[in-house]
1. Cross-link candidates for K278: which lysines have Cα within less than 26 Å, leaving aside residues fewer than 8 places away along the same chain?
2. Lysines near K386 by alpha-carbon distance under 29 Å, same-chain residues fewer than 8 away left out - which ones?
3. Taking a cut-off of 19 Å between Cα atoms, list the aspartates and glutamates near K329, but don't count ones fewer than 8 places away on the same chain.
4. Roughly how many debye, to the nearest 20, is the charge dipole of the range 323-463 about its Cα centre, given +1 on each Lys and Arg Cβ, -1 on each Asp and Glu Cβ, and no other charges?
5. So what's the range 171-311 giving for Rg/Rh, alpha carbon basis, Kirkwood Rh from the mean inverse pair distance?
6. Kirkwood Rh, Cα Rg: Rg to Rh for the chain?
7. Would you please give the residues with an amide H less than 5 Å from that of R225, counting only those at least 5 places away or on a separate chain, with H modeled from the backbone geometry?
8. How far is helix 361-375 tilted, in degrees, relative to the longest principal axis of the Cα atoms in the chain, given as a value from 0 to 90 rounded to the nearest 10?
Amino acid sequence: MTRETLYRQLPSVEELLNRETAVRLAAQTSRAFVAAETARVLASIRAMISRGEDERAVVEAIDKIDQLLERQVVADLRPSLAPVINATGVIIHTNLGRALLSESAVRAVVAAARSYTNLEYDVAAGKRSRRDLHAARLLAELLGCEAATVVNNNAAAVFLILNTLAAGREVIVSRGELVEIGGSFRIPEIMRRSGALLREIGTTNKTKLSDYQSAISDNTALVLRVHPSNYRIIGFTERPALEELAALARRARVPLVEDLGSGLLTELSDCGVRDEPKARESLAAGADLVCFSGDKLLGGPQAGIIAGREELIRPIRSNPLMRVLRVDKLTYAALEATLISYKKGKEREEIPVINMIAARRDDIERRARKLARRLRPRLRAELELKLLAGFSVVGGGSCPEVQLPTMLLALADRQVSPNSLEEKLRLGEPPVIARVEKDQVLVDLRTVLPEQEPALVEAMARL
Ligand SMILES: *Cc1c(COP(=O)(O)O)cnc(C)c1O
């Protein structure tokens, strides 16, 4: 067939729009939208013809044009953000959206989204109020401090603290704490942008109290301590205890601020989480302000929490940048519900991040055995499924040295490479994100929700 003949076989937009598929799609969306999608499908086939593609392929595309249209409409209406199954065993997986919200937090978000709220309104007084009162009382209570405020994330919290309390003046930081977190958050860079002047002291592995002492001058705005979340310097190291540093800062009348990163709020030492500082303890040890993320070990929404002395929080609240970095009602709703779980003492049961950290290998093994029993009869003969003892990690730059004992499902195929098995899981619907190690695909149920197990079984059975 000549190109001209092929072009002539193409239906018109009008013809296609009157066919059953397009009429049905238009009823679900709009005629204008389906018309535009139809024009795109026709243009793609015209492009095939003009490129001189194989005639059979072109004829097949023309035959299946209704299917092509439907597939394109579905793909075009799919949001880019979508749920995935996290089978990596990395609990606070930054690439996969960090903390999952608790059921009560999800319900609070939905309720706040559907309705007007008292976001900036004092119902009792019948007049305007401030949004940042929400969560403030709960935080102050849980952390044992005077005041607290919430911003977009912890990077914003660090930035706002520095900009408010230290612009144009010096901030003393140990060289061992000038960290980069998650690729784009570098303390020196944030400091420069905030207008504060970095005064580095000590060395990478050792900073003494006397280093702080001799750096403090009339131009010192604050002493900043940073929790080196995602790495550890081990061996010949030294840094002063927070109490000592606090005493020094107090004598010099310079505020001491600690960027905690994760801001642990509960006891997890029985799970192996030992050298992660607790926000409450830092404040009790004399930090004037602490800041931390809402969606790391706290297990809540993305947020940055600033807590400590009222006289330091007050100017932060009235910094015009607070308006730039403030959070919305959905964040307050999720955060307050999360904090209420802590207040009740129910964080292990209710908050997914804490629940996953506390899960024992025995519990995970029981789930893994059950899943394997259901899955085995559905696997191809070449696919081998085994249980394998291994470790999960906390992730999110928290507790890098903690290994949580787990029981993995290990998949190997005599013919297909583990990387292509992993890819197949990843490209499925929903995507399953697993890891490949030692020629096997490893699935860790610690980070898979029980209600996701049926979908996981289906995905693995499709292999
Ligand atoms: C994670 C982290 C941050 C950044 O927090 P975000 O909530 O991701 O903005 C800052 N400081 C430390 C020490 C961290 O661990």
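1. The qualifying lysines are K206, K208, K296, K343, K344, K346.
2. Cross-link targets: K370, K424, K438.
3. Cα-Cα hits under 19 Å: E103, E120, D122, D132, D295.
4. Taking the Cα centre of the range 323-463 as origin, the dipole is about 300 debye.
5. On the way: Rg = 14.7 Å, Rh = 15.7 Å.
Across the range 171-311, the Cα-based Rg/Rh ratio is 0.94.
6. Ratio of gyration radius to Kirkwood radius: 1.08.
7. It is V257, E258, D259, by chain and number.
8. Helix 361-375 and the main axis of the chain meet at about 0 degrees.
No lab work stands behind these numbers, since they all come straight from the coordinates. Since we're looking at a predicted model, the values are computed, not measured. Glycine gets a Cβ as well: all are built from the backbone with ideal geometry, and neighbour counts include every protein chain shown.
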